[in-house]
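A quick write-up on the structure given underneath.
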Amino acid sequence: MAVSPDGRALATASGPRLALHRLPDPLARTQPGGLTALAVRPDGALIAGGGRTGPVSLWSPGPDRSLRPVGALSHGGARPGTLNALAFGGRDGALLAGGFGSGTVLLWRPTRSDAPVARLVTRSSELAVSLALSRDGTLLAAGTPDGRVYLWNLSDPEHIADPTGVDGHSGAVTGLSFLGGTHRLAIGSDDGAVDVWSLTDWTLPALDLKLAGTGSKTGRALAASADGTVLAAAGERGSVTVWSLSAGAARSTAHLDADTGAGSGSGDVVALALGVGTRPGSPLLAALGDDGAVRLWESRQPGMWTGKGTVGGGEDRATALAAASAAGPDLVTATGDGRLQRWFVDANSAAAQVCSARGASTTARLWRTAFPAGPPCRSDGGQRPATASSTLR
């Protein structure tokens, strides 16, 4: 089986016979002007996006690949400017933070209320261009164009103390990722530096690990695995550097290029996402280039990455990218013309989604026409891909 590059068709083959099946449309319309920031809750059950104007919108991914609007989040009467970054965090991804051009950072609990629960401001109203929320929701980090990182302790949302800061970068802090828990923060800057800081005492951040120095051009975007053992940093001409991390050290480093099995293209990488691959324990890395294409790699052995191809580009040119860090191989991209699109990166996931969408209404005759290799769905109402012993009515 294979999925078409645009994610709209599933092909199956049996001997000399080839059949095509149209997949449910994975598109949703967003506000005019498109999205400038996009985030997916770690469990993949909620998507947030916003643009230069308007509120932060929410979508719920359906079992048939649809994207259902579920509401919008207000600014609480403020006019914070262009939305630059979004980040989910807290237990079960219950918190959502948004960083704006006015230096304002808004914090929501999107499943409880559309109103912000906190409004934070950087000193001197520096732009918040990158964000990260810790997994337990106690720390929030915001990066600025001047190379500073602000840290807020959210343990008591009713009484949030003034932020502390991390300095030392000469370029804009464009990448932030908490590594696993709360006590380690990876910082990437467009001056090329990538550092890991210890936040055991959040009021006194301490440099823990220097992964790339100034001038290396590898820190323009960051992404970390849910457990914090894998960290990826964007580079020039489609390159990505990936570190395998343990406590206080980098065990191995991989350098991925645009032409190393993940599709052609040489655009600079502007966004990264690390999600779950097609097998348990196999992370999936997605890199969005400034050419609008998303290049994919998967690691089935520590430190070893295999290209999975390219999605997007052309009429599906992406401008923003996000992935669920703890759910299946499911990517979300936004385009400049205001479309939000989901992508499934392997045929088995697509087949499972087709089965879920069709459900018990699927007939054996229909599936034998569409899938000559055999019915892919069970008839017991479980809405799962069929096994060799499965039968349909």
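What to note about this one:
- The condition (being modelled with pLDDT under 95 and touching a helix residue (DSSP H, G or I) at 6+ places or on another chain (Cβ under 9 Å)) is satisfied by just one residue among 81, 103, 89, 76: 103.
- Residue match in the range 54-71 (condition: under 14 Å from residue 39 (Cα atoms), surrounded by fewer than 18 Cβ atoms within 10 Å (Cβ to Cβ) and polar (S, T, N, Q)): yes
- Leading residue by the ranking (surrounded by the most Cβ atoms within 10 Å (Cβ to Cβ)) among those in the range 235-254 that are at pLDDT below 90 and within 18 Å of residue 288 (Cβ to Cβ): 238
- Qualifying residue in the range 281-289 (condition: at pLDDT below 85 and buried (at least 22 other Cβ atoms within 10 Å of the Cβ)): no
- Any chance residue 97 is modelled with pLDDT under 70, in a strand (DSSP E or B) and among the aliphatic types (A, V, I, L, M): no
- Sole exception among (1) small (Gly, Ala, Ser); (2) surrounded by fewer than 17 Cβ atoms within 10 Å (Cβ to Cβ); (3) outside any loop (DSSP other than H, G, I, E, B) for residue 161, by number: (3)
- Single residue of the range 263-272 satisfying the filter (of a type outside the set (Asp, Glu) and either under 11 Å from residue 225 (Cβ atoms) or in a loop (DSSP other than H, G, I, E, B) (or both)) that is modelled with the highest pLDDT: 267
- Flag for residue 110 being touching a residue at least 60 places away in the same chain (Cβ under 8 Å), assigned to a loop (DSSP other than H, G, I, E, B) and either surrounded by fewer than 21 Cβ atoms within 10 Å (Cβ to Cβ) or aromatic (Phe, Trp, Tyr) (or both): yes
- In the range 116-140, the qualifying residues are those that are part of a loop (DSSP other than H, G, I, E, B) and among the small types (Gly, Ala, Ser), and the one that is surrounded by the most Cβ atoms within 10 Å (Cβ to Cβ) is 128.
- Residue that is surrounded by the fewest Cβ atoms within 10 Å (Cβ to Cβ) [pool: residues in the range 141-153 that are outside any strand (DSSP E or B) and under 23 Å from the mean Cα position of the chain (by Cα)]: 145
- Taken together, the residues in the range 301-319 that are in a strand (DSSP E or B) and not hydroxyl-bearing (Ser, Thr, Tyr) amount to 11.
- Test: residue in the range 208-217 that is within 26 Å of residue 116 (Cβ to Cβ) and of a type in the set (A, V, I, L, M): no
- Residues of the range 192-216 satisfying the condition of being in a loop (DSSP other than H, G, I, E, B) and surrounded by 20 or more Cβ atoms within 10 Å (Cβ to Cβ): 192, 193, 199, 202, 205
The values are calculated or read from the model by the stated rules, or taken from the named source; none is laboratory data. No experiment lies behind these values; they were computed from the predicted model shown. Glycine also receives a Cβ, built like all others from the backbone with ideal geometry; neighbour counts cover every protein chain displayed.
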